[in-house]
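A quick write-up on the structure given underneath.
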Amino acid sequence: MSDEGLVQELKDLREQVLGVSDTLIATADGLLVASDSYEIHAESVAALAAASLGLARRTAGEVAIGGLREVVTRAQSGHLVVYAIGEQALLAVRGDEGLDLDGLHVNSRATVERLAALMSVDLGV
């Protein structure tokens with residue numbers, strides 16, 4: 001797996017979507033894989049994003065609404081969106097209050113597919 005390729009995907013997503021400030025990739029158990037972040041402690045966010053994703057997966061399973069796609073946390077000054085990359089990894093995106101959430105969802109689908117290919121992760125679709 002090319003760390004440069006992963007980081008480039010993260011940078012491309014930040015440049016394509018208005019309001020994205022930080023991005024990272026982590027394993028499903030919270031270990032940081034790659035990041036394009038300047039304003040957050042990436043290792044801590046990786047662990048928290050994995051916990052958030054795990055809880056959301058369990059919740060989605062319990063209420064039988066299908067496979068989890070993303071978790072969106074909206075706060076007073078911005079968003080943290082966590083996308084599943086198969087069962088083994090995740091993409092976390094931090095954005096400010098002006099984040100183009102619709103644009104992020106559209107662009108992130110292709111980004112997740114490319115990241116999965118770079119990481120040799122089965123998306124199960």
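The values are calculated or read from the model by the stated rules, or taken from the named source; none is laboratory data. In this text, all values refer to a predicted model and were calculated from it rather than measured experimentally. Reconstructed Cβ throughout: ideal geometry from the backbone, glycine too, with neighbour counts over all protein chains shown. For the accessible areas, the whole protein counts, side chains as well, though only heavy atoms, and no ligand, DNA or RNA atoms are used. Shrake-Rupley method; radii C 1.70, N 1.55, O 1.52, S 1.80 Å.
When restricted to residues that are open to solvent by 20 Å² or more (accessible area, probe 1.4 Å), under 14 Å from the mean Cα position of the chain (by Cα) and farther than 20 Å from Gly5 by Cα, segment 95-125 contains 3.
Taking segment 36-51 as the range and being open to solvent by 40 Å² or more (accessible area, probe 1.4 Å) and free of Cβ contacts under 8 Å to residues at least 40 places away in the same chain as the test, the residues that pass are Tyr38, His41, Glu43, Ser44, Ala47, Leu48, Ala51. A single entry from Gln16, Gln76, Gln8, Gln88 fulfils the requirement of being of a type outside the set (A, V, I, L, M), touching a strand residue (DSSP E or B) at 6+ places or on another chain (Cβ under 7 Å) and open to solvent by 50 Å² or more (accessible area, probe 1.4 Å): Gln88. Here segment 100-122 is the region considered, the condition is being closer than 20 Å to Ala46 by Cβ and assigned to a loop (DSSP other than H, G, I, E, B), and the residue that is modelled with the highest pLDDT is Ser120. For segment 52-70, residues that are surrounded by 20 or more Cβ atoms within 10 Å (Cβ to Cβ) and more than 14 Å from Ala89 (Cβ to Cβ) total 0.
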